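One structure is given below, encoded as structure tokens.
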Amino acid sequence: MPVLVARRPPEGVTFPKRILVATDGSADAERAVELTARIGHRYAARVYLLRVDPGPHGDPTRIAGDAVSLTAELGCKPTMLRALGHAD
């Protein structure tokens, strides 16, 4: 299940200019990536895609697809980050 966590932006900022989305290649994570792409495009925010090793329900090929989807929606590549360990 996707989770959206938002913090109040600093004083004078109407919307954060940086968004972090994590994916393990699962269908739920793919939906979170799609939402992030729409929000990032609308507010011209820089998107960071955190990739973690696929858990029991993840698909490594879908992780690459998440990056392609973000690039297509945003018009630029997201910054790719990788965490060691497993998503679960």
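The values are calculated or read from the model by the stated rules, or taken from the named source; none is laboratory data. No experiment lies behind these values; they were computed from the predicted model shown. When we count neighbours, we look across all protein chains shown, and the Cβ atoms used for this are built from the backbone with ideal geometry, even at glycine. Calculation scope for accessible area: heavy atoms of the full protein, side chains included, ligands and nucleic acids excluded. Shrake-Rupley method; radii C 1.70, N 1.55, O 1.52, S 1.80 Å.
The residues of the chain expose, per residue, 71 Å² of accessible area to a 1.4 Å probe. Estimated purely from DSSP H runs of n ≥ 4, each contributing -39500 (n - 2.57), the mean residue ellipticity at 222 nm for the chain is -12000 deg cm²/dmol once divided by its residues.
Taking amide H as placed 1.01 Å from N in the peptide plane, the amide H of ALA22 sits under 5 Å from that of LEU50, each at least 5 places away or on another chain.
Using a 1.4 Å probe on the protein heavy atoms, what percent of the accessible area of segment 1-41 belongs to carbon and sulfur?
On the way: 1770 of 3150 Å².
Ligands and nucleic acids excluded, carbon and sulfur give 56 percent.
Full extension of the segment from LEU4 to LEU35, taken as 0.36 nm per residue of separation minus the current Cα-Cα distance, would add 10.2 nm.
What percent do you get for the relative contact order of the chain when only Cα pairs under 8 Å and 6+ apart count? Can you show the working numbers first?
Values: 147 pairs, mean separation 27.2, N = 88.
Contact order relative to length: 31 percent.
Among 23-34, 69-80, 4-15, sorting by the average number of other beta carbon atoms lying within 10 angstrom of each residue, highest first, gives 23-34, 69-80, 4-15.
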